[in-house]
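First up is the structure itself, then whatever we jot down about it.
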Amino acid sequence: MSKNVTKRWMKGFLIWAIVMLVLQGCSTASTKEESTSEGSSSEKKGGTLIVTRLSDATKLDPHFITDIPSANVVYQKVYETLVAPDKNMEIQPKLATVWKQLDDVTWEFKLQEGISFHDGAPFNAEAVKKTFDRVTNPATGSPQAEKFSMIKETKVMDDTTVQFVLKYPYAPLLSILASQEGSILSPKAIDENPEGLSQHPIGTGPFVFDAWKTGQEISLKKNDTYWGKAPSIDGVVFKVVPEDSTRLAMLETGEAHITDQVPVAELDRIEASKGMGIYRAEGLAVEYVGFNVKKKPVDNVKVRQAISHAIEREAIISGIYNNVGTLANSAMSPKVFGYSENVKPYDYDVNQAKELLKEAGYEDGLSLTLLTSDRKERISMAEVIQSQLKGIGVDIKIQVLEYGAYIDAIDKGDHDLFIGGWGNATGDGDYNQYSLFHTASLGAPGNHFYYSNPDVDKMIEQARQEQDPEVRKTIYEQLLQKEMDDAVYIPIRNYEHLAAHTKSVEGFWLNAANYLMINEVTIK
């Protein structure tokens, strides 16, 4: 960011940004793999990158995407944002060149010039306004609308200048603009065929959407007229390969180059391979067991507390995840601004769990359904939880769904318990708290706990408006403990993101939100 912009930042936001940077640190790839993925001195051109993945995307419209596998296809590939995080999660210019905060509620951005969308429409201030007017318009029905609810108006000052006028001060504005939800869409597509964006994304990025064979693959091709540094590869294909062993076998035979969904049980095999490498990055996300607090009998807080006491979380980290990731104490990972080590989850105490069930009127036990996606580790986790809860008389039926069906089910509230994860895309506590626990986010926007607490809502709103970073951290600590006291979820694991790759591919990296960054990839 330029010096003239930095000087005009509000003092409170500058302090917050520094604290956020210190907390987040950099992506923790191993030294060996950082050198492997940084590229070689002699740049290579051409080839198609093959990425294998467990699940297909569900939709490709950023205003309706609610899952990482879908966002991963288009984020900073087909679509770009006004600003973007670098490897250290530090905000950098992208479609905007510079920006400044004019007052507590007014932010101004200067835009890149001479850029066109993939359909030929010009990128300008009108395109930015049309994008944010669409996502915030109630008629659009976007599950992302609440993430931009602080925006009162998007104003076109001239062709290359746009202002966001906010309803209230919002400290992490840059972080939400840098997330996939902040992607800038073609104004022509919005006008002519907005529904088509779900299947055919149109942005300004280095890759152009090519084709989607549902359940099989999505292909992107190089944007030959890209405004920035053009990719070295000709394109990328995201192939759906449900079997873990097959994805790795395709790397070994050279049929694929990267898989960013690595079964932890295969780490030894990957590390022993002469042709494969592993990339590791500390993540922003947390994995948890969530309760649908509106559904009987888990609407009873004592039932939720009993189940929380009966799950031995350490056994899941070591037995299921092979110690990939760390034991979580809340819904925020240590890399997220607002995290607190002082939040205390429920300890493993079977006797206390039985006593709480008795107090709740379920001394003779009860039956519940636990919903999970079809990822191998999550199925194994569900089986461990099923076994552990038998010890307190809770009979668990496991329901495994393909990822898209799983998302639909939790969006609709068709569950008692579920195994979930929240891939914080911004590194700020607001994205976590507002999306997961605010009443406005019930259902598809992220609150799959169906948790609604007016006091919590008020505190979340206070935290997003507060300019003092230390005050914000205090509020988030109180929020995290309140949600824990209400037993809304059981924190399991702070993510560590893994990607296995052939040693013929260089230049990719995973950011802390688990997006695969491929713009500088080369293939030997």
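Data table
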{"item": "TYR515 being in contact with a helix residue (DSSP H, G or I) (Cβ under 8 Å, 6 or more places away or on another chain) and not aliphatic (A, V, I, L, M)", "result": "yes"}
{"item": "Selected residue (only one of LEU197, LEU166, LEU251, LEU177 is in contact with an Asp or Glu (Cβ under 6 Å, 6 or more places away or on another chain) and open to solvent by less than 10 Å² (accessible area, probe 1.4 Å))", "result": "LEU197"}
{"item": "Residue, modelled with the lowest pLDDT, within region 467-524, restricted to residues that are closer than 22 Å to ALA249 by Cβ and of a type in the set (Lys, Arg)", "result": "LYS524"}
{"item": "Residues (of a type in the set (D, E, K, R) and under 12 Å from ILE218 (Cβ atoms)) located in region 50-92", "result": "ARG53, ASP56, LYS59, LYS77"}
{"item": "Qualifying residue in region 89-97 (condition: within 17 Å of the chain's Cα centre (by Cα) and surrounded by fewer than 17 Cβ atoms within 10 Å (Cβ to Cβ))", "result": "yes"}
{"item": "Among the residues listed as VAL343, VAL324, the single one being assigned to a loop (DSSP other than H, G, I, E, B) and more than 19 Å from ASP486 (Cα to Cα)", "result": "VAL324"}
{"item": "Test: residue in region 400-410 that is touching a helix residue (DSSP H, G or I) at 6+ places or on another chain (Cβ under 8 Å) and among the small types (Gly, Ala, Ser)", "result": "no"}
{"item": "Enumerated helices (runs of 4 or more DSSP H) restricted to region 117-197, each holding at least 1 residues that are small (Gly, Ala, Ser) and at pLDDT 95 or above", "result": "125-136, 187-192"}
{"item": "Per-region count, region 456-468, residues buried (at least 20 other Cβ atoms within 10 Å of the Cβ) and in contact with a Gly (Cβ under 8 Å, 6 or more places away or on another chain)", "result": "1"}
{"item": "Residue count, region 220-255 (criterion: touching a residue at least 40 places away in the same chain (Cβ under 8 Å) and either of a type in the set (Gly, Ala, Ser) or not in a helix (DSSP H, G or I) (or both))", "result": "19"}
{"item": "Residues that are assigned to a strand (DSSP E or B), touching a Gly at 6+ places or on another chain (Cβ under 8 Å) and either open to solvent by less than 10 Å² (accessible area, probe 1.4 Å) or among the hydroxyl-bearing types (Ser, Thr, Tyr) (or both), drawn from region 498-508", "result": "ALA500, HIS501, THR502"}
{"item": "Members of region 152-179 that are β-branched (Val, Ile, Thr) and either touching a Ser or Thr at 6+ places or on another chain (Cβ under 6 Å) or over 16 Å from ARG134 (Cβ atoms) (or both)", "result": "THR160, THR161, VAL165, ILE176"}
{"item": "Positions within region 469-497 being touching an Asp or Glu at 6+ places or on another chain (Cβ under 7 Å), open to solvent by 20 Å² or more (accessible area, probe 1.4 Å) and of a type in the set (D, E, K, R), in sequence order", "result": "GLU496"}
{"item": "Residues of region 98-137 classified as without any contact (Cβ under 8 Å) to a residue 40 or more places away in the chain, within 22 Å of GLY427 (Cα to Cα) and over 26 Å from the mean Cα position of the chain (by Cα), total", "result": "0"}
{"item": "Answer residue from region 200-249, given it is among the hydroxyl-bearing types (Ser, Thr, Tyr) and in contact with a strand residue (DSSP E or B) (Cβ under 6 Å, 6 or more places away or on another chain) and is farthest from VAL264 (Cα to Cα) among those", "result": "SER232"}
{"item": "Hits in region 416-447 - residues which are modelled with pLDDT of 95 or more, aromatic (Phe, Trp, Tyr) and more than 18 Å from MET150 (Cα to Cα)", "result": "PHE418"}
{"item": "Subset of region 200-216 [assigned to a loop (DSSP other than H, G, I, E, B) and either open to solvent by less than 40 Å² (accessible area, probe 1.4 Å) or at positive phi (or both)]", "result": "PRO201, ILE202, GLY203, THR204, GLY205, PRO206, GLY215"}
{"item": "Wholly within region 393-489, helices (runs of 4 or more DSSP H) carrying at least 3 residues that are under 30 Å from LYS354 (Cα atoms) and either touching a Phe, Trp or Tyr at 6+ places or on another chain (Cβ under 6 Å) or in contact (Cβ under 8 Å) with a residue 24 or more places away in the chain (or both)", "result": "469-485"}
{"item": "LYS213 vs. criteria basic (Lys, Arg) and touching a residue at least 24 places away in the same chain (Cβ under 8 Å)", "result": "no"}
{"item": "Selection count, region 362-392, where residues are open to solvent by 60 Å² or more (accessible area, probe 1.4 Å), in contact (Cβ under 8 Å) with a residue 40 or more places away in the chain and either of a type in the set (S, T, N, Q) or under 22 Å from VAL293 (Cβ atoms) (or both)", "result": "1"}
{"item": "Matching residues, region 42-81, being over 22 Å from ASP374 (Cα atoms), β-branched (Val, Ile, Thr) and open to solvent by less than 10 Å² (accessible area, probe 1.4 Å)", "result": "VAL74, VAL78, THR81"}
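The values are calculated or read from the model by the stated rules, or taken from the named source; none is laboratory data. Being a predicted model, the structure only gives us computed values, none of them experimental. With ideal geometry, Cβ positions are generated from the backbone for all residues, glycine too; neighbour counts draw on all protein chains shown. Just so you know, the surface numbers come from the protein's heavy atoms only, side chains and all, with ligands and any DNA or RNA stripped out. Shrake-Rupley method; radii C 1.70, N 1.55, O 1.52, S 1.80 Å.
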